[in-house]
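Undergrad: What follows is a single structure, and I will ask about it in a moment.
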Amino acid sequence: MREGIRVREITGEEGNRLLRIVRRSSGSVVTWRRAQMVLLSAQGMD
């Protein structure tokens, strides 16, 4: 089985920006999904 890929530790400012993107209901679905994946990876999830 392959080992997962993790993002680097994100700063508080980066985390806040990603949270704003995820919480915003308008905008690109692709950007929303990417922001969500980065946040989940930063939290240690697969």
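Undergrad: If you average over every viewing direction, what projected area does the convex hull of the Cα atoms of the chain give, in nm²?
TA: Projected area, direction-averaged: 3.6 nm².
Undergrad: If you don't mind, another one. Mean separation of Cα pairs under 8 Å and 6+ residues apart, divided by the residue count of the chain: what relative contact order is that in percent?
TA: 50 percent
Undergrad: Answer with one residue from V30, I10, S41: the one whose Cα lies farthest towards the positive end of the charge dipole of the chain, charges on Cβ with Lys, Arg +1 and Asp, Glu -1.
TA: V30
Undergrad: Can you tell me the 0 to 90 degree angle between the C-alpha axis of helix 29-42 and the longest principal axis of the chain, rounded to 10?
TA: 40 degrees
Undergrad: Within 11 Å, Cβ to Cβ, of V38, how many net charges do the neighbouring residues add up to if Lys/Arg are +1 and Asp/Glu are -1? Display every interim value, and only then the final one.
TA: Working: positive: R6, R8, R17, R33, R34; negative: E14.
Its environment carries a net charge of +4.
Undergrad: While we're here: Calculate for the chain the 222 nm mean residue ellipticity that helices alone would give, adding -39,500 (n - 2.57) per DSSP H run of length 4 or more and normalising by residue count, nearest 500 deg cm²/dmol.
TA: -18000 deg cm²/dmol
Undergrad: Suppose every K and R has +1 on its Cβ and every D and E has -1 on its Cβ; what is the size of the dipole of the chain about the Cα centre, in Debye to the nearest 20?
TA: Value, rounded to 20: 220 debye.
Undergrad: If we sort 13-24, 32-43 on the protection proxy, mean other Cβ atoms within 10 Å, highest first, what's the order?
TA: 32-43, 13-24
Undergrad: Note down the nm distance, to one decimal, between modelled labels 7 Å out along Cα→Cβ at Q43 and at T31.
TA: 2.2 nm
No value in this document is a laboratory result; all are computed from the given coordinates. Just so we're clear, the structure is a prediction, and the values are computed from it rather than from any experiment. Every residue, glycine as well, gets a Cβ built from its backbone with ideal geometry; the counts of neighbours run over all protein chains shown.
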